[in-house]
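What follows is one structure encoded as structure tokens, with my remarks underneath.
Nothing in this text is a laboratory measurement; each read-out follows from the coordinates by a stated rule. Bear in mind that the values here come from a model prediction, so they are computed numbers and not experimental data. Here the Cβ positions follow ideal geometry from the backbone for every residue, glycine too, while neighbour counts run over all protein chains shown.
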Amino acid sequence: MQQLIECVPNFSEGNDLVIIKQITDQIESVEGVRLLNVDPGKATNRTVVTIVGEPLAVIEAAFRAIKKAGELIDMSKHSGEHPRMGATDVCPLIPIANISMEETATYAQMLAKRVGEELLLPVYLYESAQPNKERSNLSVIRAGEYEGFAKKILLPAWKPDYGPAKFDIKRGATVIGARDFLVAYNINLNTTSTRRANAVAFDIREAGRVKRENGKIVNDENGKPINIPGSLTCVKAIGWFIEEYGIAQISINLTNINITPVHIAFDEACKKASERGMRVTGSELVGLIPLKAMTDAGKYFLSKQQRSIGVSEKELIKIAIKSMGLDELAPFNPAERIIEYMLANKNENHLINMTLNDFADETASESPAPGGGSIAAYVGALGISLATMVANLSSHKKGWDDKWNVFSDWAEKGQDIKMKLIKLVDEDTTAFNKIMHAFGLPKGNDTEKEARTIAIQQATKNAIEVPLQVMDLSFQSMEIISEMAKIGNPNSVSDAGVGALCARSAVMGAFLNVRINAAGYSDKAFVDSILQKGHSIEEKAMLLEKKILDVVNQKIGI
């Protein structure tokens, strides 16, 4: 399986787009690397770049970018709101797929060694790449910033991990490491006061603040300052003023969004700001964010309103954007800010991205795919979509406020099944195409014939299993459809009935595809077990459909 890592270098230039473009051109010159995002900030005078790819390609791209940044950026003339120590201030590597943190740290060390030795640039390791945990924290390494490094770098305790222990006036120093996925997030306040923004930052950040009484630091019995921890863990934060926007912000790094997600940080900042007489007006993301972070935020804010969370992914993202004001300072385009959307191959899942007209035209064309299997999956998706609609309507029905969460749970289950069936629309067509490809393999000698036969059998098995999944999911959907017919909004009972018809048709249609593909599979024991399971699902689906329609017809009463 392909290993993927992300790299998020931060360059100390946020205003000169020509310089930024020269740096990102170096990244794009490396084959096997995708440049996902370039996010310049004028007030911070800093650009955050996000790239992803296989490890060796990524560290090659990072090396070229670090080299170019050192040539173009003069730190002796740099100023900006964000803490910094070099032209390439920090360059973290993040494991994304099929790679451990330990392996990622090794690649970070490899990159750091090359930068230090070939570019003669002082390099410090941080986070998981740093063996010495006393100097693994980025803020500790960067303390004193560029202006303080002329003296700091001469201290034995701050000898660079790689490169010369000599202050580089033009390029400064660079920090390279390996860490978990971090979300850089700024919260906007209706104040221009950096001090007040800092007060909120200290309220929420894990490190908190030093305890003071009458303006003086309070020490413990050992003479060490007493610290008051903040309210959120895995959160780093400071306050600053952004001249570009004319507001103060709380600049936050969320180092583990599984522990403190974006929406919790936002709500806590709202609470603490309000206690100090301020108001949060919105927020902004720096770089990219995982899809789950956005959908979780959407569910969180819908739940606070006691509204159903069983809505589409698109709607959840829209709710998250509006609830956190992510579009206050600039438009927020999910296609450009959500990492899964950026990584998605735009040539994949082409059927489900078609318009209804185009999908119908493609189905009606002389091409054998999409065929009955894809149509069965789509009919099943439509059936559960109707039931999910009934659940959402019921959740919002006047006078049923005490039941909103019950219907929300049903709607969420429905959305999950719908998304799985939608994916199977393309998977069924892909399965058919794999069979056609296998039959087209060469058969000029015994070795080729054997390889062709194995490929045909593997493709055929897959073409059996995909429509079987459609059967199973469509039958699962009938439980939700049945409940919506019984307890859902009575004005929508006919929709539940149509959903049942769709689900049963999806089961029966998919079974036709299971059977026709099973005829070409050589493992008879496998075929017998699949057909037995298929017949069982089909019979139960037909019985359940009758029960649902009995309920529907009784409620319609005409």
> What dipole magnitude, in Debye to the nearest 20, does the stretch 387-492 give about its Cα centre under +1 on Lys/Arg Cβ and -1 on Asp/Glu Cβ?
Replying inline: 200
> With the contact rule set at Cα under 8 Å and sequence spacing of 6 or more, what percent relative contact order holds for the stretch 356-556?
Replying inline: 28
> Could you give the Stokes-Einstein D for the stretch 4-178 in µm² per second, using the C-alpha Kirkwood radius, 25 °C, 0.890 mPa s?
Replying inline: 156
>> What is the ratio of the Cα radius of gyration of the stretch 183-343 to 2.2 N^0.38 Å, with N the residue count, to two decimals?
In response: 1.12
> How long are the semi-axes of the ellipsoid equivalent to the stretch 499-542, from square roots of 5 times the Cα gyration tensor eigenvalues, in whole Å, largest first?
Replying inline: 22, 11, 4
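Quick one: work out Rg over Rh on the C-alpha atoms of the stretch 360-451, Rh as Kirkwood radius.
Rg divided by Rh gives 1.30.
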> When N is the residue count of the stretch 130-202, what does its C-alpha Rg come to as a fraction of 2.2 N^0.38 Å?
Replying inline: 1.42
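From Cα pairs below 8 angstrom and at least 6 apart in sequence, can you work out the relative contact order of the stretch 123-221, rounded to a whole percent?
Answer for the stretch 123-221 is 28 percent.
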>> Please report the projected area of the stretch 341-403's Cα convex hull averaged over all directions, in nm².
In response: 6.8
> Which value at 222 nm does the chain reach when only helices count, each DSSP H run of 4 or more adding -39,500 (n - 2.57), with the total divided by all residues and rounded to the nearest 500 deg cm²/dmol?
Replying inline: -17500 deg cm²/dmol
>> Please arrange 492, 231, 12 by how many other C-beta atoms lie within 10 Å of their C-beta, fewest to most.
In response: 231, 492, 12
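Please order 134, 268, 284, 28 by the number of other Cβ within 10 Å, starting at the fewest.
134, 28, 268, 284
To the nearest 20 Debye, how big is the dipole of the stretch 455-558 about its Cα centre, given +1 on the beta carbon of each Lys and Arg and -1 on that of each Asp and Glu? Kindly include the intermediate steps, with their values, before the conclusion.
Numbers: 10 positive and 11 negative charges, 25 e Å.
My answer is approximately 120 debye.
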> Can you give the net charge of the other residues whose Cβ lies under 15 Å from the Cβ of residue 390, counting K and R as +1 and D and E as -1?
Replying inline: +1
>> Neighbour counts of other C-beta atoms within 10 Å: give me 447, 281 arranged from fewest to most.
In response: 447, 281
> Taking the Cα centre of each part, how many Å lie between the stretch 471-528 and the stretch 1-43?
Replying inline: 47
>> Less than 27 Å apart at the alpha-carbon level, and either on another chain or at least 8 residues along: which lysines does that give for residue 152?
In response: 67, 68, 77, 113, 133, 166, 170, 224, 236
>> Could you compute the net charge surrounding residue 530? Neighbours are other residues with a C-beta less than 13 Å from the C-beta of residue 530; K and R count +1, D and E count -1.
In response: -1
> By how many degrees, between 0 and 90 and to the nearest 10, does the Cα long axis of helix 446-487 differ from the longest principal axis of the chain?
Replying inline: 90
> Under the Karplus relation 6.51 cos²θ - 1.76 cosθ + 1.60, θ = phi - 60°, what is the ordered set of whole-Hz ³J(HN,Hα) values for the stretch 423-436, x standing for Gly and Pro?
Replying inline: 5, 6, 4, 6, 5, 5, 5, 4, 4, 5, 5, 5, 5, 4
> Once the Cα gyration tensor of the chain is diagonalised, what are the square roots of 5 times its eigenvalues, in whole Å and ordered largest first, as equivalent ellipsoid semi-axes?
Replying inline: 52, 33, 19
>> Let me understand the stretch 356-556 better: what is its radius of gyration from the alpha carbons, and its Dmax, in angstrom?
In response: 19.6, 74
>> Given the C-alpha atoms of the stretch 1-77, compute the convex hull and give its volume per residue in Å³.
In response: 72
> Relative to the longest principal Cα axis of the chain, at what angle does helix 101-118 sit, 0 to 90 degrees, rounded to 10?
Replying inline: 40
> Considering the dipole of the stretch 290-435 built from charges on the beta carbon (Lys and Arg +1, Asp and Glu -1) around the Cα centre, which of 293, 309, 421 is farthest to its positive end?
Replying inline: 309
> Angle between the Cα long axis of helix 262-275 and the longest principal axis of the chain, 0 to 90 degrees, nearest 10?
Replying inline: 50
>> Suppose a student asked you for the relative contact order of the chain, using Cα pairs under 8 Å spaced at least 6 residues apart; what percent would you report?
In response: 10
